[in-house]
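What follows is one structure encoded as structure tokens, with my remarks underneath.
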Amino acid sequence: MTEPRWVDIGPLDAIPMQGARVVKSPRGCVAVFRTATNEAFAINDRCPHKGGPLSQGIVHGNTVTCPLHNWVISLETGAAQGADKGQVRTIALRVEAGRILLDISTLSAKRAA
């Protein structure tokens, strides 16, 4: 397994409560969310259903609702909720001294075909 490579992507309070920001990587965009309880999560910014931008969805609890077709995605696991099937990749992050550190070790290169 690859060693984590932590990169500071900014202060947690730069993301509004129940909001998101997008971080671009060679493997696509990552949506970084801040919940109402001040937790942070990072997942791929493409809904598994039709590729909708999850970063533009509505955050409620530890889930986000896709703005295109209302699929609900867990911010903790990346799994679609309810009867919907599918999953997005989660990206490890941690918050230290109010700063968000994202593990970019899995984001640095395109996947092999």
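The values are calculated or read from the model by the stated rules, or taken from the named source; none is laboratory data. Just so you know, these numbers come straight off a predicted model, no measurement behind them. Using ideal geometry, Cβ is built from the backbone for each residue, glycine included, and neighbour counts are taken over all protein chains shown. With ligands, DNA and RNA removed, areas are computed over all heavy atoms of the protein, side chains included. Shrake-Rupley method; radii C 1.70, N 1.55, O 1.52, S 1.80 Å.
Go through ILE104, ILE100 for me and flag whichever is under 27 Å from ASP13 (Cα atoms), at pLDDT below 95 and not charged (D, E, K, R). When all the criteria are applied, what remains is ILE104.
Condition test on THR37, is it within 15 Å of LEU75 (Cβ to Cβ) and either surrounded by fewer than 17 Cβ atoms within 10 Å (Cβ to Cβ) or under 15 Å from the mean Cα position of the chain (by Cα) (or both)? Considered against the rule, which asks whether it is within 15 Å of LEU75 (Cβ to Cβ) and either surrounded by fewer than 17 Cβ atoms within 10 Å (Cβ to Cβ) or under 15 Å from the mean Cα position of the chain (by Cα) (or both), THR37 comes out as yes.
When ALA31 is tested against (1) farther than 21 Å from TRP6 by Cα; (2) in a strand (DSSP E or B), exactly one condition is not met: (1).
If you scan segment 21-36, which residues turn out to be basic (Lys, Arg) and at pLDDT below 95?
Step one: of segment 21-36, the residues basic (Lys, Arg) are 21, 24, 27, 34.
Of everything in segment 21-36, those that are basic (Lys, Arg) and at pLDDT below 95 turn out to be LYS24, ARG27.
If we keep just the residues of segment 89-108 that are open to solvent by less than 50 Å² (accessible area, probe 1.4 Å) and not aliphatic (A, V, I, L, M), which is farthest from ALA40 (Cα to Cα)? So the residue we want is SER105. The single residue among ASP84, ASP8 that is touching a strand residue (DSSP E or B) at 6+ places or on another chain (Cβ under 6 Å) and not small (Gly, Ala, Ser) turns out to be ASP8.
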